[in-house]
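K.L.:
After the structure tokens below, expect a handful of questions from me.
What follows is calculated from the coordinates using simple rules that are stated; it is not laboratory data. None of these values were measured; they are calculated from a predicted model. Here the Cβ positions follow ideal geometry from the backbone for every residue, glycine too, while neighbour counts run over all protein chains shown.
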């Protein structure tokens, strides 16, 4: 009998605040797993540190809750070593775009066949309300930036495109069915698949509840980087859907057979 | 044993190292022994480099402080490493005469060889090959054998380049050698071919042996970020891991490298990375994750001079404190030290075994001298320790971090139905669910310590050469071991017996075995290649009942046997 979304929940109660967008993301992930009929034990969810990074324990699958910012390399190491597994990295905007920003660039370039779901609430929630790389420049409530960040907000989808990601999508926690569909597509995509999820923090940025009036679907799915760039840059950051899909060769390009080539011992002999 | 020590120096790119490597291989192929130490600046061109070789008719494992022969391809920047290539009154020095020794370098026996002229007459610019030919002839090797090696080394070059190099070699070989050079080289007997039945001999570096040992033990995933002097270890792996069906990823930084290793280890695939001090400092947070999540990971630290960028290309043993104490929180893990170039193979393999068997982090300390020196060694056996990934087959309920008697908990690998869990750097209960409770924290801390403290590491924890009973003992690790053994031999020749104890297992320190073994020693001299006496402080802290003395000298100059026996002669070395 096919499993239902709830069968993919571990039963551990999330630490998240009531109203947190991450509950919907968790639901969307389990819905996508059910729709793909993946075997829980062949799935691994990998995260760093932050509110959203607590997600792996809430899914009935293997998981790894690592250190801050390093979910992507840990996930890549696991996938390269164990290509038989479905590997999904999850985390927040601080984890992925600030402390882990370099790994984000290189994960897009390297194109290991994993899914990366970044739950963006434009704030460091777990440390109680500091500005994140995606906080609007004008946001005055960041506890370390009383005059605003005075820095341009990080543009995850534009950066992903420039760095070579072959699958870029944006979802919204207020639309879990739409998000589940995006995760389903990302899992089916051969290569690094990035989903930018607008996932509200009602505790530190309560005004994000207004996002539901701002989100809108994007028109079409660009298959060239130039079209995707035009779409992403023209968008107000609230367009949801698949922003780019264009597969290219995944890393590693080949899996060598043991015993091939010269025995390394031969090279040392006198 | 008869040995000859020679140095070939030149500005970076002049071919000093290549010439030395060719000469060592040539001499080794006909049955000789030797080793080669490289000294160079981090610059690719325009820096300085020297190959210091000691050739012998029996196994050689140290480079002495004084050299018998210096071949100066040029004198540019020679002053920068004059300390490491000391010219004595008896040193024969060959140079081309196109430039002069720098101020302060005044060799008594200076011979001019018109290598540029000899090369030019052969329509070649390869003056280093002129010297290679002369040395090959003086050592009794054949020109054909030298040319075969040279052609193999330059196989990627086009024929015109190759032929020009060979013409210079032939012209050098045909030269009548100046008497002092001919007489000096003739002191070394032409090696006899190896007798049948003897172990196969290899020419290898410690970095290559560590890489091979790791692969033969079962490493199938490597994450690599380049850093001197570990890059060549990683490069060797990159070119050979395919043969084992594994993968090497060039990571974007050391933070990524160690986390990739942890990811692969979580997947049940034995994994490693190699780095040096600055890289390991960056890895330290995630090394604690390997400890807390109980994930197998091997980190080889090829130590160089520190702190900060320090002296990247030269050897030191100053990362011991970082290896022992570099992680935040209480993070028990294993620290091993390789003892020789050949032992890099065993110690790396043992590290892979222990990391997988005990589900933890193992740091292997090597150093630039072990890592990048090349030596004629007996081929290591392929019966080395192996990875031991022990998958769980236990009764329900499955508890990933079960508080077992041994401290080793059942490990489920992704893909196993029914045993799913989330590995965590957050403190957790036996069921892997995050828990800040005092009881769980205490239980898991105890468990992670117990699995190492109670483990029977067997007889590999150290190598003892000689008898401790009523004799002085030299305690050491890594590349200092060979120097200590040479000091021991020199003292034995003078009628003084000392023992050498080279530590392979540094953490957890086998204090009971050490206390028992060392109780009857008359002096306990800890010799190490760093400024802060890190090993001495460590041994003293865990064995306060023993009166350790210290000889701690920083790099880049190597510790010499006479430093050790002078310290032992002194009434109180500390």
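K.L.:
In the stretch B:390-455, how does Rg compare with the Kirkwood Rh, expressed as the Rg/Rh ratio over alpha carbon atoms?
P.N.:
Values: Rg = 11.7 Å, Rh = 12.2 Å.
Radius of gyration relative to Kirkwood radius: 0.96.
K.L.:
For the stretch A:48-96, what D do you get in µm² per second when you plug the Kirkwood radius from alpha-carbon pairs into Stokes-Einstein at 20 °C and 1.002 mPa s? Mind showing how you got there, number by number?
P.N.:
Working: Rh = 10.9 Å.
Answer from the Stokes-Einstein relation: 196 µm²/s.
K.L.:
Next question, about the same structure. Along Cα→Cβ, 7 Å out, is where each label goes; now give me the distance between the ones at residue B:471 and residue B:156 in nm to one decimal.
P.N.:
4.8
K.L.:
Let me ask something else about it. For residue B:308 and residue B:198, compute 0.36 nm times the residue count separating them, minus their Cα-Cα distance, and round to one decimal in nm. Mind dumping the intermediate values first?
P.N.:
Working: separation 110, 0.36 × 110 = 39.60 nm, distance 4.55 nm.
Going from the current span to full extension adds 35.1 nm.
K.L.:
Once R0 is set to 25 Å, what does the formula 1/(1 + (r/R0)^6) return for the Cβ-Cβ distance between residue A:39 and residue A:248, expressed as a FRET efficiency to the nearest 0.05?
P.N.:
Working: r = 28 Å, r/R0 = 1.11.
About 0.35, to the nearest 0.05.
K.L.:
Mark the label point 7 Å from the Cα of residue B:163 along Cα→Cβ and return the residues of the stretch B:106-131 whose backbone N is within less than 17 Å of it.
P.N.:
So the set is B:120-126.
K.L.:
Specify the residue with the greatest mean-square fluctuation among A:164, A:259, A:48, computed from a Gaussian network of chain A linking alpha-carbon atoms under 10 Å apart.
P.N.:
Maximum fluctuation in the GNM of chain A, among the listed residues, is at A:259.
K.L.:
While we're looking at this one, here's another question. For a distance above 30 Å, tell me the whole-number percent of Cα pairs in the stretch A:5-268 that qualify. Before the final figure, lay out the partial values.
P.N.:
On the way: 8591 of 34716 pairs.
Across the stretch A:5-268, Cα pairs with separations above 30 Å total 25 percent.
K.L.:
What's the FRET efficiency of residue A:212 with residue B:404 using the Cβ-Cβ distance as r and R₀ = 51 Å, to the nearest 0.05? Don't jump to the answer; show the numbers that get you there.
P.N.:
Details: r = 51 Å, r/R0 = 0.99.
So, using R0 = 51 Å, E works out to roughly 0.50.
K.L.:
With the Cα gyration tensor of the stretch B:1-66 in hand, give its eigenvalues times 5 under a square root as the equivalent ellipsoid semi-axes, listed largest first in whole angstrom.
P.N.:
Working: eigenvalues 109, 29, 11 Å².
The answer is 23, 12, 7 Å, longest axis first.
K.L.:
Would you mind classifying the stretch A:156-270 by shape? Square roots of the alpha carbon gyration tensor eigenvalues, ordered a ≥ b ≥ c; an a/c under 1.5 is rounded, otherwise it is prolate if a/b is larger than b/c and oblate if not.
P.N.:
Values: a/c = 3.15, a/b = 2.44, b/c = 1.29.
Prolate.
K.L.:
Follow-up. Could you give P(r) for the stretch B:28-130, binned at 5 Å from zero, as whole percent values over all Cα-Cα pairs?
P.N.:
It works out to 2, 11, 18, 22, 20, 17, 9, 2, 0, in whole percents.
K.L.:
Over all directions, how big on average is the projection of the convex hull of the alpha-carbon atoms in the stretch B:116-195, in square nanometres? Don't jump to the answer; show the numbers that get you there.
P.N.:
Values: hull surface 23.3 nm².
For the stretch B:116-195, averaging the hull's shadow over all directions gives 5.8 nm².
K.L.:
A follow-up question, please. If the viscosity is 0.890 mPa s and the temperature 25 °C, what Stokes-Einstein diffusion coefficient in µm²/s follows for the stretch B:3-186 when Rh is the Kirkwood radius over Cα pairs?
P.N.:
For the chosen part, D equals 151 µm²/s.
K.L.:
Take the alpha carbon atoms of the stretch B:459-569, find their radius of gyration, then divide it by 2.2 N^0.38 Å using N residues; give the quotient. Mind dumping the intermediate values first?
P.N.:
Values: Rg = 12.8 Å, N = 111, 2.2 N^0.38 = 13.2 Å.
So the stretch B:459-569 has a normalised radius of gyration of 0.97.
K.L.:
Hey, another quick one. Of the beta bridges DSSP finds with both residues in the stretch A:150-270, what % are antiparallel, to the nearest 5? All intermediate terms of the calculation are to be shown ahead of the outcome.
P.N.:
Working: 4 of 12 bridges.
The antiparallel proportion sits near 35 percent.
K.L.:
If you don't mind, another one. How large is the convex hull of the C-alpha atoms of the stretch B:203-378 per residue, in Å³?
P.N.:
91
K.L.:
Something else: Rg to Rh for chain B: what is it, with Cα atoms only and Rh by Kirkwood?
P.N.:
Working: Rg = 25.5 Å, Rh = 25.2 Å.
My calculation puts Rg/Rh at 1.01.
K.L.:
Another question, then. Within 10 Å of each Cβ of A:7-14, how many other protein chain Cβ atoms are there on average?
P.N.:
Numbers: counts 0, 0, 0, 4, 0, 4, 0, 0.
For peptide A:7-14, the averaged partner shielding equals 1.
K.L.:
How many percent of all Cα-Cα pairs in the stretch B:252-321 sit more than 20 Å apart? Display every interim value, and only then the final one.
P.N.:
Working: 713 of 2415 pairs.
More than 20 Å apart: 30 percent of the Cα pairs in the stretch B:252-321.
K.L.:
Wrap a convex hull around the Cα atoms of the stretch B:319-380, take a quarter of its surface area, and give that in square nanometres. Please report the intermediate quantities before stating the final value.
P.N.:
Details: hull surface 18.7 nm².
Average of the hull's projected areas for the stretch B:319-380 equals 4.7 nm².
K.L.:
A follow-up question, please. When each pair of different Cα atoms in the stretch B:360-403 is counted once in the 1/r mean, what is the Kirkwood radius in angstroms, to one decimal?
P.N.:
Numbers: mean 1/r = 0.0644 Å⁻¹.
Hydrodynamic radius (Kirkwood, Cα only) of the stretch B:360-403 equals 15.5 Å.
K.L.:
Along the Cα→Cβ direction, 7 angstrom out, place labels at residue B:438 and residue B:391. What is the inter-label distance in nm?
P.N.:
Here the answer is 4.1 nm between the modelled labels.
K.L.:
Right, something else. Bin all alpha-carbon pair distances of the stretch B:526-574 at 10 Å intervals from 0 and give each bin's fraction as a whole percent.
P.N.:
27, 53, 20, 1
K.L.:
Divide the volume of the convex hull of the Cα atoms of the stretch B:377-496 by its number of residues and quote the answer in cubic angstrom per residue.
P.N.:
Numbers: hull volume 23.7 nm³, N = 120.
Convex hull of Cα atoms, per residue: 198 Å³.
K.L.:
May I pose another question? Fully extended, how many nm does the chain gain between residue B:79 and residue B:186 (0.36 nm per residue separation, minus their Cα-Cα distance)? Each step should come with its number before you reach the end.
P.N.:
Working: separation 107, 0.36 × 107 = 38.52 nm, distance 2.97 nm.
Contour length minus the Cα-Cα distance gives 35.6 nm.
K.L.:
To make sure I understand, if each residue's beta carbon is the centre and we count other beta carbons within 10 Å, what order do B:151, A:152, A:54, A:70 fall in, fewest to most?
P.N.:
Working: B:151 15, A:152 9, A:54 23, A:70 29.
Ascending Cβ contact count within 10 Å gives the list A:152, B:151, A:54, A:70.
K.L.:
Antiparallel as a % of all DSSP beta bridges within chain B, to the nearest 5? Write out the running numbers ahead of the final one.
P.N.:
On the way: 32 of 78 bridges.
Once the DSSP bridges in chain B are tallied, antiparallel ones form about 40 percent.
K.L.:
Taking each residue of B:231-241 in turn, how many C-beta atoms of other protein chains fall within 10 Å of its C-beta, and what is the average? Please list the in-between numbers first.
P.N.:
Working: counts 0, 0, 0, 0, 0, 2, 1, 0, 3, 6, 2.
For this peptide, the per-residue mean of nearby foreign Cβ atoms is 1.
K.L.:
Along the principal axes of its C-alpha atoms, what lengths does the stretch B:281-320 span, in descending order and rounded to whole Å?
P.N.:
34, 15, 14
K.L.:
Let me ask something additional. Over the Cα atoms of the protein assembly as shown, how large are the radius of gyration and the largest Cα-Cα distance (Dmax), in Å?
P.N.:
That works out to 30.4, 95 Å for Rg and Dmax.
K.L.:
Shifting gears a bit: Based on the Cα coordinates of the stretch A:223-270, what is the per residue volume of their convex hull in Å³?
P.N.:
Numbers: hull volume 7.6 nm³, N = 48.
Hull volume over Cα atoms, normalised by residue count, gives 159 Å³.
K.L.:
Give me the Kirkwood hydrodynamic radius of the stretch A:58-201, using the inverse of the mean 1/r over all pairs of distinct Cα atoms, in Å to one decimal.
P.N.:
On the way: mean 1/r = 0.0643 Å⁻¹.
Here the Kirkwood hydrodynamic radius works out to 15.6 Å.
K.L.:
Of all alpha-carbon pairs in the stretch A:23-65, indicate the percentage at a distance above 12 angstrom. Provide the component values of the computation, followed by the final result.
P.N.:
Working: 524 of 903 pairs.
Here the long-distance tail beyond 12 Å is 58 percent of all Cα pairs in the stretch A:23-65.
K.L.:
Right, here's the next one. Counting other beta carbons within 10 Å of each Cβ, put B:275, B:516 in order, fewest first. Walk me through the numbers before you get to the answer.
P.N.:
Details: B:275 26, B:516 11.
In order of increasing Cβ crowding within 10 Å: B:516, B:275.
K.L.:
Looking at the protein assembly as shown, send over the antiparallel percent of its DSSP beta bridges, to the nearest 5. Before the final figure, lay out each step's value.
P.N.:
Working: 40 of 118 bridges.
Bridges in the protein assembly as shown are about 35 percent antiparallel.
K.L.:
Can I ask one more? If I stretch the segment between residue A:269 and residue A:147 completely, what's the gain in nm (0.36 nm per residue apart, minus their alpha carbon distance), one decimal? Write down the numbers at each step before the final one.
P.N.:
Details: separation 122, 0.36 × 122 = 43.92 nm, distance 6.78 nm.
Roughly 37.1 nm would be gained on extension.
K.L.:
If the viscosity is 1.306 mPa s and the temperature 10 °C, what translational diffusion coefficient in µm²/s does Stokes-Einstein give for the stretch A:1-92 when Rh comes from Kirkwood over Cα pairs? Don't jump to the answer; show the numbers that get you there.
P.N.:
Working: Rh = 13.3 Å.
Using the Kirkwood radius from Cα pairs, D works out to 120 µm²/s.
K.L.:
At q = 0.16, 0.22 Å⁻¹, what log₁₀ I(q)/I(0) does a Debye calculation on the Cα points of the stretch B:492-549 give, no solvent, two decimals?
P.N.:
Here the Debye-derived log intensity ratios amount to -0.54, -0.96.
K.L.:
Between residue B:517 and residue B:58, with labels modelled 7 Å along Cα→Cβ, what's the label distance in nm to one decimal, could you check?
P.N.:
Distance between label points: 2.5 nm.
K.L.:
What ranking do B:522, B:295, A:149, A:203 get, fewest neighbouring Cβ atoms within 10 angstrom at the top?
P.N.:
On the way: B:522 12, B:295 27, A:149 20, A:203 17.
The fewest-first ordering by Cβ neighbours comes to B:522, A:203, A:149, B:295.
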